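Here is the structure we will look at.
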Amino acid sequence: MWLLLSLCCAAGSAWPGVAHAERVIRFSHVVARDTPKGLAVERFKELVERRSAGRIRVAVYPAAQLYGDLDEMEALRLGAVEMLAPSLSKFGRVGFPEFELFDLPFLFTQLQDVRRITHGPIGQRLLDSLARQGMVGLGFFDNGFKQMSANRPLLEPGDFAGLRMRVQSSRVIAAQFRALNARPVVLAFSETRRALAAHVVDGTENPVSNFWTQRMHEVQSDLSMTNHGYLGYAVVANQRFWGSLAPAERELIERAMREALAYGNAIADAENERALQALRAAGTTRIHELSTQQRAQLRAAVQPAYDQMAARIGTRWLQDVLKALEP
Ligand code: LMR
């Protein structure tokens with residue numbers, strides 16, 4: 001099926017709707033359409049297709065239909081897709097451990113702080129570094145802050161003891177859970193709900209929009225509003241594809257991307273809020289707010305992750321980030 005899709009799209013002819021396109025951008029991602037990422041990618045598609053009068057088509061493959069966490073970066077490298085928007089946590093595994101700085105728990109208190117990194121010189125350096133692996137970094141955008149779920153409330157450090165927690169492939173996130181005496185288990189996003197249902201893992205962390213659209217509420221009785229960490233994305237393109245574009249095409253795509261990312265950032269909070277309302281209405285999952293003291297305890301408990309991961313992230317990167325976040 002994958003092969004078939006790739007062949008159809010590469011040929012740009014047999015696939016419905018791309019018959020007259022001169023270029024097809026295959027854009028693969030792992031989440032549902034009605035999430036901050038899904039909607040931002042749809043906006044990008046709409047802008048590119050309209051402004052190029054259909055000459056450039058964007059074929060979007062959401063929900064890991066085409067490639068998932070384990071193979072999407074390789075697919076981009078090989079030119080089997082032109083664009084991706086993996087979470088920042090997924091770049092460490094492919095040789096960019098400095099991207100895992102975004103996973104440090106309680107590093108950011110609000111999205112405005114994230115912007116100081118992503119929209120400043122550090123963000124630019126991170127995007128530029130991707131050239132090392134044949135990727136062109138086109139920009140960053142948000143999902144939002146992560147919450148913790150399990151079949152019990154997770155409000156204090158002791159609540160995590162012994163739990164198997166699904167994590168993305170980030171050593172920093174793994175260190176966060178180890179500091180809480182939980183056992184991190186790396187799983188692809190598309191496998192997570194099933195693993196929760198089968199009790200292969202006991203809990204996980206994600207912004208509410210991902211939790212809701214994966215129907216994790218059907219298999220998790222408790223969601224604790226910890227807001228302990230950030231989940232965001234980098235849009236990357238295959239370098240050969242990027243190099244093959246005419247300057248006018250590149251400009252059109254870059255502009256559409258800038259606007260789509262701004263749109264994604266503008267709706268992310270509201271999408272997470274909408275998902276939270278839907279979750280409340282579904283009534284399947286208890287939603288817990290943390291007291292200031294509980295949050296402070298969690299924050300203190302995960303501090304070892306900073307020291308343990310400083311060398312992996314790079315002390316220089318870490319110093320620069322902490323400095324940029326100074327009030
Ligand atoms: C996850 O794997 O939990 C997230 O990165 C999924 C996503 O892309 O939002």
Rounded to the nearest 10, the angle in degrees between the Cα long axis of helix 304-313 and the longest principal axis of the Cα atoms of the chain comes to 30 degrees
If Asp128, Asp69, Asp222 are placed from fewest to most neighbouring beta carbons inside 10 Å, the sequence is Asp128, Asp222, Asp69
What percent does the relative contact order of segment 58-168 come to when contacts are Cα pairs within less than 8 Å and at least six residues apart? 16 percent
For segment 2-319, alpha-carbon Rg and Dmax in angstrom: 19.5, 60
Helix-only mean residue ellipticity at 222 nm for the chain, each DSSP H run of n ≥ 4 adding -39500 (n - 2.57), per residue, nearest 500: -13500 deg cm²/dmol
Across 5 Å bins from 0, what is the distribution of all Cα-Cα pair distances for segment 171-292, in whole percents? 2, 8, 15, 17, 17, 13, 10, 8, 6, 4, 1
So how tilted is helix 247-282 from the main axis of the chain? Cα-based, degrees 0 to 90, rounded to 10. 40 degrees
Kindly put Leu279, Leu261 in sequence by how many other C-beta atoms sit within 10 Å of each C-beta, fewest to most. Leu279, Leu261
Rounding to the nearest 10 and keeping the result within 0 to 90°, find how far the Cα-based axis of helix 36-51 lies from the longest principal axis of the chain. 20 degrees
Let me check against my output: what whole-number percent is the relative contact order of the chain, with C-alpha pairs under 8 Å and at least 6 apart? 24 percent
For a footprinting-style exposure proxy, rank Met148, Met73, Met83, Met225 by other Cβ within 10 Å, fewest first. Met225, Met73, Met83, Met148
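Rule-based calculations on the coordinates, nothing more; no lab input. Because the structure is predicted, anything quoted here is derived from the model rather than measured. Cβ: placed from backbone, ideal geometry, glycine included. Neighbour counts: every protein chain shown.
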